[in-house]
Each structure stands twice: as structure tokens, then as C-alpha cells.
Amino acid sequence: MRRTLVVVALALAGADLVPLVLVVKQAVTPERESFAWPPTWLPGTLTAENFRAVTAAVELGRGFALSATVAALTVAATLALVLPAAWLAARRPRADRRLDTVLTAARLLPAIALAVPLATIFVALGLYNHPAGIGLWLTHTLVALPFAFFPLRAAFRAVPLELEEAALLDGASPIGAFVRVTLPLVRPALGAAALLVFLVSWDEFAYALLLQVTHRPLPPLLYYLAAFGHPGLASAVATIMLAPAVAVVILLEPALRGGVLAGSGR
Amino acid sequence: MRDRRALLAAPLAGYLVLLLAYPTVFAVKLAFTDTVAGRFPSLASFRVLATDPLFRRALVGNVVLPVCTVALELATGLAMALLLAAPLPARRLLRAIVVLPFALPEIVFLAIMRWVFTSRGYANAALAELGLAPVDWLVPGRPLTYAVVVAVDAWHTTPIVFLMLLAALAAIPDEIGEAARLDGAGPVQRLVHVTLPLLRPALAGALLLRGVDALRIFATPLVLAGVEGAPVLSTYAYHQWSDYGDDGAAAAAGVVLAVATVVLSLPLLRRRAEAVR
């Protein structure tokens with residue numbers, strides 16, 4: 001019984017490693033080998049030519065910069081909007097009910113239903129297909145809000161009210177009490193939320209595809225590379241894209257139990 | 001004091017009005033505008049949908065794909081959680097590995113799956129090594145194409161269900177299973193009569209969350225099968241918008257999807273409101 005369980009668990013883990021292994025393998029194999037039939041399971045020749053091609057392609061360099069910029073700005077905007085609201089939600093049940101409902105609704109809305117009107121609005125504002133991704137940044141912030149709000153609200157709830165009250169009695173201003181007493185106590189949750197939000201933006205595909213048609217970040221670039229038959233180049237881009245994602249998920253593994261990864265509360 | 005504190009949510013509220021409420025209203029207006037004649041209100045875009053066979057296929061696909069995907073990932077997610085809750089060697093490492101498919105960015109995972117399921121891809125190479133004939137996995141419109149889309153989407157998102165159920169399993173005190181064991185219950189009886197009833201809230205939560213998520217399935221059918229291979233409402237709207245430049249029809253399809261999502265997510269929102277109260 002126990003042996004069977006171990007074998008099943010190992011088989012499962014093995015199967016779940018296959019996609020990762022295949023993409024890294026294609027990234028370090030010459031493209032002509034990736035086109036061969038039958039495809040090889042392990043690299044016949046090791047090469048760095050795909051990664052050199054990535055650095056040589058101007059559009060890919062720009063895509064990398066755009067993805068990183070939009071993700072970093074999304075982290076900043078999301079945390080700035082969410083921090084005060086999450087604190088309020090943790091302290092005020094009435095505000096909490098409203099914020100919880102609205103952010104759950106925002107979390108559930110289909111991207112396409114919102115991307116089409118946003119595209120039209122952004123065209124009028126000059127933010128559509130913006131070279132610095134301003135429109136995409138504003139949109140990713142909307143997508144990311146629940147992923148920061150729910151874990152931060154939980155963290156603020158865990159800070160005893162008495163600590164904040166004691167700081168106020170000692171003469172601290174409300175903002176001073178927040179910055180010097182509350183914020184340090186939620187720092188782990190804040191770091192986790194920042195990483196998660198970065199990842200949400202870094203991985204996001206649907207809005208990026210619709211809102212950035214020529215100034216493309218990495219996900220739509222990878223889509224076109226894969227669709228138009230560049231297995232080596234696409235796999236090199238994929239490897240660059242997945243590195244931070246895998247690192248963040250492994251770093252956050254203990255914090256990811258429950259619904260945090262799915263952007264839901266509790 | 002009371003009113004001033006509520007101002008803390010003001011930036012977020014203002015942002016949500018501009019980026020969520022306004023575009024939603026705009027989407028409804030766009031859907032009911034005749035984009036050729038510029039008339040509002042008009043049902044012209046919905047008439048386009050009603051007469052388009054691809055829209056009907058997308059509607060059916062938007063039921064079939066989510067139902068099958070969620071059923072598959074609840075079953076596998078539960079099995080994985082039960083398996084990896086057991087005291088196995090290297091359990092932490094195994095848990096991290098089975099979350100990997102979801103850790104990969106969706107588009108990376110789908111690009112790999114494209115190479116796996118093309119005619120000269122890894123799936124057919126594996127069949128060839130077993131001495132079997134190659135299979136055309138992704139012929140547009142065939143049941144096998146839908147099955148591949150379901151399997152790939154479930155593979156990518158099962159770790160979410162797994163993590164939710166694993167957390168719920170960890171919250172069940174060991175004493176309960178122990179007591180059942182002392183009362184003479186076997187492993188299957190303990191699973192059916194003790195563990196599963198205790199997991200019910202978590203299973204219902206996972207079903208609602210993933211169910212509503214699955215309704216907006218977009219990238220998996222698009223990347224694997226294109227806009228006509230296994231169409232859903234999102235790929236249909238994208239097709240209208242990017243290939244025909246028909247904002248009105250795209251918005252109308254988006255509104256149909258949004259309304260379906262809202263209706264189906266009401267139980268989720270009500271559940272949350274009760275939990276918060």
C-alpha cells in the first residue's frame with residue numbers, strides 16, 4: 001500500500017516536471033534539432049545560440065524591458081491603493097463588506113469583456129498600445145488588486161488593535177502609529193503580496209495581447225514566436241520568463257496554502 | 001474621525017470607478033450600439049451573434065469546456081491532496097514539484113503544450129516509441145481537440161485546487177481520524193465518512209472559485225487550437241475584435257459572458273458576504 005503510494009507520488013511529480021524539462025531542453029538545443037523527427041527527449045548538442053539570438057533581437061529586448069517595467073509599476077500602484085484600504089477593511093466591518101464584494105467581483109470579471117471597452121477608451125486617451133505600457137499598467141493594477149488585498153487584510157487583522165492604540169496613547173500620530181507599529185508587523189505579508197503582484201503582471205496574457213499590439217511585452221511575444229515556428233528562440237524566451245515565476249512560487253510555497261495564489265481571501 | 005478614516009479607501013474607490021465601473025458601462029453601451037450606423041440603442045450586434053454559427057459553437061464550448069475542466073481538476077486535485085497529505089518521504093519537495101505546472105506562466109505552459117501536441121510533437125513521439133501510430137490531436141472542431149484543451153487547462157490549474165484542499169486537510173485534527181480508526185473504520189470508510197464530509201466546504205469553495213474562473217477560459221483554446229478549433233466566448237470576442245475589427249460584436253459577446261459569470265458567481269459572492277459578516 002505504502003509502496004504504491006510512493007510510486008504514484010513519484011510518477012505524478014515526474015509528469016509535472018515534463019513541461020519544464022522540455023522547454024529548458026528546447027532552449028539549449030539548436031533549432032534544427034527541435035524540428036527533427038522524431039523529437040529528441042534530451043539535448044543532442046548543447047548550445048547557447050538561442051539565448052544569443054534573444055539578446056540580438058531588438059524587439060525581444062524591448063519586450064523584456066516593457067514586461068519588467070509594467071510589472072514593477074503595477075506592484076507600486078497596487079500596494080499604494082491596497083495598503084490603506086486593506087487596513088480599513090481589517091478595522092471596519094462595514095467598509096470590509098463593500099471592499100470584499102467589489103474586489104471579488106473585479107477578480108471574477110472576464111478579461112475580454114473589459115479589454116474591448118478599455119481598448120476603445122485607451123485609444124481616445126492615447127494610452128492604447130503605449131510604448132511604455134501605461135494603459136497596460138493601469139489594467140494590470142486592476143487585475144492585481146485582489147491578489148494584494150486579501151493577504152494584506154488577513155495580515156492587518158492579525159495585528160492586535162491594542163498595539164496601535166498604545167502607540168496613539170504614547171502620542172504617535174495615526175500615520176506614525178501605522179508606519180512605525182503596524183507596517184513592520186505585516187512586512188512578511190507585504191513582501192509576499194509584492195512578489196505575487198509582480199508575477200500576476202509578468203504572466204498576464206489576455207490584456208497584454210489586446211492592449212499592446214505592436215509594443216508587446218513578453219507573453220504576447222512568446223505567443224507569436226511559438227505560433228510561427230521558432231521553437232528554439234521561443235523556448236529561450238520562455239526560459240527567461242519562467243525563471244522569476246518559478247523562483248517566486250518556490251519562495252512563497254509555505255504562504256501559498258489555501259486560496260492566496262488564486263487571488264481569493266482566507 | 002469616523003468619516004475621515006473611510007477616506008483611506010478613497011483612492012482605491014476612485015480607481016475602481018475609472019477602471020472598472022466606467023469601462024463596464026461603456027462595454028454595455030458598445031454592445032447595444034449599431035457600430036456601422038452609429039445608432040444607440042440597437043440590437044444589431046446581437047443579431048450578428050445570433051446568425052453566426054461560430055458564436056453558437058462558442059456558446060456550447062463555453063459550457064462544455066468549463067464543466068469538463070473543473071470536474072477533472074477537482075477529482076485530480078482531491079486525489080493529489082489526499083496522496084501528499086500522507087507521510088511520504090521528501091513530501092515538501094513533492095508538493096513543490098506538483099505546484100510547478102501552475103508556477104509556469106500560462107503562456108509558457110501553453111507554448112510547450114503546443115509543441116507536445118503538434119503532429120510531429122512529443123506526444124506522437126511517445127506513441128511512436130510504444131509502436132503506435134501518430135494521432136492528429138488538434139483538428140479543429142473534433143471531440144479529441146476539446147479533450148486536449150480540457151486536459152491541458154486542467155493540468156495547468158489543478159495545483160490551485162490541490163493547494164486549497166491541502167490546506168483544508170491540514171486543518172482537520174488528527175484525533176478525528178484516529179478516533180474513527182479506533183472505532184474500527186477502515187481507510188476507505190474513514191475517507192468517505194470522515195474526511196470527505198469535513199472537506200465539503202473547501203470542495204464547494206474550490207468548485208465555485210474555479211468554476212467561475214473556468215468560464216473565462218481564453219488562452220488555452222486560442223494557443224492550442226486557434227479561434228475556430230475549440231471556440232469559447234472569449235476567443236470569439238477576440239476574433240471579432242482583432243480579425244474583423246467589429247467592436248460591437250466583440251463587446252456583445254463579452255457582455256453575454258459577463259452576464260453568465262455574474263449569475264453563476266452570485267452564490268460565491270453571497271458565501272463571501274456571509275463569511276465576512
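The values are calculated or read from the model by the stated rules, or taken from the named source; none is laboratory data. Nothing here was measured: the structure is a model prediction, and the numbers come from that model. Note that we place each Cβ from the backbone using ideal geometry, even for glycine, and neighbour counts take in every protein chain shown.
List the residue pairs whose Cβ atoms are under 8 Å apart, where the first residue sits in the range B:236-261 and is within 21 Å of B:ALA37 (Cβ to Cβ) and within 8 Å of another protein chain (Cβ to nearest Cβ), the second is among the charged types (D, E, K, R) and in a helix (DSSP H, G or I), and the two are 6 or more positions apart or on different chains.
The qualifying pairs are B:TRP241/B:ASP247.
Quick test for you: out of A:LEU103, A:LEU138, pick the one residue that is at the interface with chain B (Cβ under 7 Å from one of its Cβ atoms) and not hydroxyl-bearing (Ser, Thr, Tyr).
Result: A:LEU138 is the single residue among A:LEU103, A:LEU138 that is at the interface with chain B (Cβ under 7 Å from one of its Cβ atoms) and not hydroxyl-bearing (Ser, Thr, Tyr).
For A:HIS215, state whether it is within 11 Å of chain B (Cβ to nearest Cβ) and either touching a residue at least 40 places away in the same chain (Cβ under 8 Å) or on the phi < 0 side of the Ramachandran plot (or both).
No, not satisfied.
Quick one: is B:THR76 polar (S, T, N, Q) and surrounded by 21 or more Cβ atoms within 10 Å (Cβ to Cβ)?
no
Show me the helices (runs of 4 or more DSSP H) entirely contained within the range B:130-243 in which 2 or more residues are within 24 Å of B:ALA96 (Cα to Cα).
So the answer is B:143-170, B:196-215.
Report those helices (runs of 4 or more DSSP H) wholly inside the range B:38-115 carrying at least 3 residues which are hydrophobic (A, V, I, L, M, F, W, C), more than 8 Å from chain A (Cβ to nearest Cβ) and under 19 Å from the mean Cα position of the chain (by Cα).
Filter on the range B:38-115 gives B:53-85.
Could you check, for the range A:43-59, whether at least one of its residues is within 12 Å of chain B (Cβ to nearest Cβ), among the aliphatic types (A, V, I, L, M) and assigned to a helix (DSSP H, G or I)?
Among the residues of the range A:43-59, not one is within 12 Å of chain B (Cβ to nearest Cβ), among the aliphatic types (A, V, I, L, M) and assigned to a helix (DSSP H, G or I), which makes the answer no.
Can you find a residue in the range B:12-27 that is surrounded by fewer than 19 Cβ atoms within 10 Å (Cβ to Cβ) and at pLDDT below 90?
Within the range B:12-27, none of the residues are surrounded by fewer than 19 Cβ atoms within 10 Å (Cβ to Cβ) and at pLDDT below 90.
So the check is Cβ under 6 Å with 6+ separation or different chains; which pairs have a first residue in the range B:207-231 that's within 9 Å of chain A (Cβ to nearest Cβ) and a second one that's modelled with pLDDT of 90 or more and not in a helix (DSSP H, G or I)?
Taking only residues 6 or more apart or on different chains, the pairs are B:ARG216/A:PRO110; B:ALA219/A:PHE205.
On the given criteria, is B:PHE102 surrounded by 21 or more Cβ atoms within 10 Å (Cβ to Cβ) and in contact with a Pro (Cβ under 8 Å, 6 or more places away or on another chain)?
yes
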